[in-house]
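The values are calculated or read from the model by the stated rules, or taken from the named source; none is laboratory data. The shown structure was predicted, so the numbers you read here are calculated from the model rather than taken from an experiment. So basically every Cβ, Gly included, is an ideal-geometry build from the backbone, and we count neighbours across all protein chains shown.
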Amino acid sequence: MIISTLLLKLNVSFSGELLIIILLFIYIIYLHMQIAKKNSILKTFYDKVEKPGSKLEKRDIISFLENLKDPDYPGIVTKDKLLDNRVSNFLFENDKKIKLFLHYTPQQDVANKILKEGFKFVNSFYKTAEYIYNDDLYLVHRHHEHKQYGKYVIVICISKEIYDYYSNVLSKLRAKNISVEQILTKTPSYKDENMDDIYTFPKQFIKGYFNYTDGSITPNPDFDLSYHSEVFNENIKKLKLT
C-alpha cells in the first residue's frame, strides 16, 4: 500500500515535471523562430543596402534596428493593405519619372479637402510629408513609423523633370532655407496665428489618397504630375530680389 502510494506520487511528480519541460521546449522553439525571423528580416535589409544604387541610408538601418527591439514590431509582415497590387500600382505608376511623397491624416474630410484645395504645410514640407521610392521594405518601414497619424494616406506626386529643374535653379542661386516645394506654390503664402509661414502645394500634384486599412483608393480628377504654372517662375524672380 505504501509502495503504491509512493509510485502514485512519483507519477504525479514526473507528469508535472514533464509538462514543464515540454512547455519550456515549446518556448525555446518559439524564441528560435523569432530570432530566425528577425535575422531573415535583417539579411533582407542589409541586402537592400548593399545593392548597387540603393537609396537606403545609415539612419534607416539604425531606425530599423531600434524597431526590431520591439517584440510586437511586424517587420515586413503587415495586415495593412499597403502592399496590395492596386495600392502599389497607384503609388508607383511611372515611378522612374516622379518624386513621390506621402502624408497621413486621420480624417477623410481632411483628405477630400486636400484634393480640392491643395496640400498646406508650415515652413518645411518635409515635416509632414515623407519621401518614398519604389522599394517594399523601405515603404513598409516608413509606413510603420507614420501609420499612427491616420489611416488616410495622401499621395503627392510631381514630375522629376520639373522638380529637378527648380532644384537646380535654387542651387545656382545658393538660396538658403528655401525648398523646391516652397517655389512650386501658386497660392501666396501667409502667416498663421503662430506667425509661421503657410504654403499650399497645388492640388494638381495630389494624385489622390488611399485607406491603408481596407485598400480603397480615391483618385484626384485634377491630378497632373507635369503641371506647371508661371507663378513658379514669378516665385523665383521674387527670390532673386530679396
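With the requirement that a residue be closer than 26 Å to residue 228 by Cβ and assigned to a strand (DSSP E or B), what does the stretch 173-202 give you?
190, 197, 198, 199, 200, 201
Quick one: in the stretch 81-138, of everything that is modelled with pLDDT of 90 or more and of a type in the set (Val, Ile, Thr), which residue is farthest from residue 201 (Cα to Cα)?
Here the answer is 87.
Just name the residue that is farthest from residue 143 (Cα to Cα) out of those in the stretch 189-242 that are of a type in the set (Ser, Thr, Tyr) and under 21 Å from the mean Cα position of the chain (by Cα).
This residue is 218.
Among the residues of the stretch 186-207, which ones are within 16 Å of residue 238 (Cβ to Cβ) and in contact with a helix residue (DSSP H, G or I) (Cβ under 7 Å, 6 or more places away or on another chain)?
186, 199
When you go through 165, 138, 131 one by one, which is the residue that is within 23 Å of residue 227 (Cβ to Cβ), assigned to a helix (DSSP H, G or I) and assigned by TED's automatic domain parsing to the domain that holds residue 234?
165
Looking at the stretch 203-225, is at least one residue in a helix (DSSP H, G or I) and either acidic (Asp, Glu) or touching a Ser or Thr at 6+ places or on another chain (Cβ under 6 Å) (or both)?
Of the residues in the stretch 203-225, the ones in a helix (DSSP H, G or I) are 203-205.
Those left that are additionally either acidic (Asp, Glu) or touching a Ser or Thr at 6+ places or on another chain (Cβ under 6 Å) (or both): none.
No, there is no match, as no residue in the stretch 203-225 is in a helix (DSSP H, G or I) and either acidic (Asp, Glu) or touching a Ser or Thr at 6+ places or on another chain (Cβ under 6 Å) (or both).
Matching residues to (1) loosely packed, with under 13 Cβ neighbours inside 10 Å; (2) of a type in the set (Asp, Glu); (3) farther than 15 Å from residue 122 by Cα:
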{"residue": "174", "(1), (2), (3)": "yes, no, yes"}
{"residue": "180", "(1), (2), (3)": "no, no, no"}
{"residue": "184", "(1), (2), (3)": "no, no, no"}
{"residue": "187", "(1), (2), (3)": "no, no, no"}
{"residue": "192", "(1), (2), (3)": "yes, yes, no"}
{"residue": "197", "(1), (2), (3)": "no, yes, no"}
{"residue": "203", "(1), (2), (3)": "no, no, yes"}
{"residue": "208", "(1), (2), (3)": "no, no, yes"}
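So, in the stretch 99-132, how many residues would count as being buried (at least 17 other Cβ atoms within 10 Å of the Cβ) and of a type in the set (Ser, Thr, Tyr)?
Adding up the residues that qualify gives 3.
Could you list all residues from the stretch 150-178 that are in contact with a Ser or Thr (Cβ under 7 Å, 6 or more places away or on another chain) and either under 21 Å from residue 217 (Cα atoms) or of a type outside the set (A, V, I, L, M) (or both)?
Within the stretch 150-178, the first condition is being in contact with a Ser or Thr (Cβ under 7 Å, 6 or more places away or on another chain), and the residues that meet it are 150-152, 154, 159, 162.
Residues satisfying the conditions are 150, 151, 152, 154, 159.
Looking at the structure I just gave you, is residue 125 more than 21 Å from residue 212 (Cβ to Cβ) and in contact with a helix residue (DSSP H, G or I) (Cβ under 8 Å, 6 or more places away or on another chain)?
yes
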